[in-house]
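Novice: One structure coming up, written as structure tokens, with questions to follow.
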């Protein structure tokens, strides 16, 4: 899979954790396949209620690993609410504080929590200056939300659903965002190109092609914009 990615021209792959064990695995991949693969560590809102103080302490230790590039995947999910909303918010705020402490960007999951996520991110004091404060992963909001957050220093990341005509908000955001404020991603194994197909890093080529069409730019321009955005992280 990594050989196919490199052959297709992919230069960096960021692997996030969703709990302690997957964060450890992401770091292991980053150590084995540097500099191509980098890691993020974090507790997903689905897993917030299952994380005890021992787990939080372990996560803090993982965040100190030099191979850790970001804190994530963290955030709020009010579609499934597999952890209670108040527990999700506490975990989110706790990990925002960890990102500020380690001077790391955050990778943010947001489903049906646009206003609350925006409020928390705009108030977050981590990562001041010209660097990216974090990434809105698999962006599902609208153009005003994207403009507000990119204006505050965040990046917006698009997965394959931006190619669906039903994704009105993300598609309008993709058209209007300034250069170097967006990334592309797979959200593997989810959001793949076919129901039974494999979702792997080369899927991002399809997303870049769709962004080029939406923005009326060349694929090369989109790729250059994504590279500049990545360099801000």
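The values are calculated or read from the model by the stated rules, or taken from the named source; none is laboratory data. Note that the structure is a prediction, hence the values are computed from the model and not measured. Cβ placement follows ideal geometry from the backbone for every residue including glycine, while neighbour counts extend to all protein chains displayed.
Novice: Restricting the search to region 76-105, which residues are outside any loop (DSSP other than H, G, I, E, B) and under 17 Å from residue 127 (Cα atoms)?
Specialist: Selection gives 92, 93, 94, 95, 96, 97, 98, 99, 100, 101, 102.
Novice: Restricting attention to region 28-47, report how many residues are touching a helix residue (DSSP H, G or I) at 6+ places or on another chain (Cβ under 9 Å), crowded, with 22+ Cβ neighbours inside 10 Å and more than 18 Å from residue 137 (Cα to Cα).
Specialist: The number of residues fulfilling the criteria is 0.
Novice: Have a look at 63, 50, 97, 70 and point out the one that is buried (at least 18 other Cβ atoms within 10 Å of the Cβ) and more than 28 Å from residue 224 (Cβ to Cβ).
Specialist: Values: 50 fails: buried (at least 18 other Cβ atoms within 10 Å of the Cβ); 97 fails: buried (at least 18 other Cβ atoms within 10 Å of the Cβ); 70 fails: more than 28 Å from residue 224 (Cβ to Cβ).
Of the residues listed, the single one that is buried (at least 18 other Cβ atoms within 10 Å of the Cβ) and more than 28 Å from residue 224 (Cβ to Cβ) is 63.
Novice: Looking at region 162-176 only, could you name the residues that are assigned to a helix (DSSP H, G or I) and touching a helix residue (DSSP H, G or I) at 6+ places or on another chain (Cβ under 7 Å)?
Specialist: First pass over region 162-176, keeping only residues assigned to a helix (DSSP H, G or I): 162-163, 168-176.
Hits for region 162-176 are 162, 163, 169, 170, 171, 172, 173, 174, 175, 176.
Novice: Does at least one position in region 141-160 carry a residue that is under 29 Å from residue 36 (Cβ atoms) and surrounded by fewer than 17 Cβ atoms within 10 Å (Cβ to Cβ)? Spell out how you get there, then give the answer.
Specialist: So the first thing to find is which residues in region 141-160 are under 29 Å from residue 36 (Cβ atoms), and the list is 146, 149-150, 153-160.
Now drop any that are not surrounded by fewer than 17 Cβ atoms within 10 Å (Cβ to Cβ), which leaves none.
No: region 141-160 contains no residue that is under 29 Å from residue 36 (Cβ atoms) and surrounded by fewer than 17 Cβ atoms within 10 Å (Cβ to Cβ).
Novice: Could you check region 199-222 and list, in sequence order, the residues that are in contact (Cβ under 8 Å) with a residue 60 or more places away in the chain, in a helix (DSSP H, G or I) and either crowded, with 17+ Cβ neighbours inside 10 Å or touching a strand residue (DSSP E or B) at 6+ places or on another chain (Cβ under 7 Å) (or both)? Show your work before the answer.
Specialist: Let us first name the residues in region 199-222 that are in contact (Cβ under 8 Å) with a residue 60 or more places away in the chain, namely 200-202, 204-205.
Then drop every residue that is not in a helix (DSSP H, G or I), which leaves 204-205.
The one that is in contact (Cβ under 8 Å) with a residue 60 or more places away in the chain, in a helix (DSSP H, G or I) and either crowded, with 17+ Cβ neighbours inside 10 Å or touching a strand residue (DSSP E or B) at 6+ places or on another chain (Cβ under 7 Å) (or both): 204.
Novice: Tell me which residues, restricted to region 1-27, are surrounded by fewer than 16 Cβ atoms within 10 Å (Cβ to Cβ) and over 23 Å from residue 134 (Cα atoms).
Specialist: 1, 2, 3, 4, 6, 7, 8, 9
Novice: Among what's in region 177-187 and is surrounded by 17 or more Cβ atoms within 10 Å (Cβ to Cβ) and in a loop (DSSP other than H, G, I, E, B), pick the residue that is farthest from the chain's Cα centre (by Cα). Lay out the reasoning, then the answer.
Specialist: Taking region 177-187 and keeping what is surrounded by 17 or more Cβ atoms within 10 Å (Cβ to Cβ), we get 177, 180-187.
Checking the rest, the ones that are also in a loop (DSSP other than H, G, I, E, B) come to 177, 180-181, 185-187.
Working: 177: 17, 180: 15, 181: 13, 185: 8, 186: 10, 187: 9 Å.
The extreme case among them is 177.
Novice: Here is a list: 117, 108. Which entry is part of a strand (DSSP E or B) and either within 17 Å of the chain's Cα centre (by Cα) or modelled with pLDDT under 95 (or both)?
Specialist: Details: 117 fails: part of a strand (DSSP E or B).
Within the list 117, 108, the selection yields 108.
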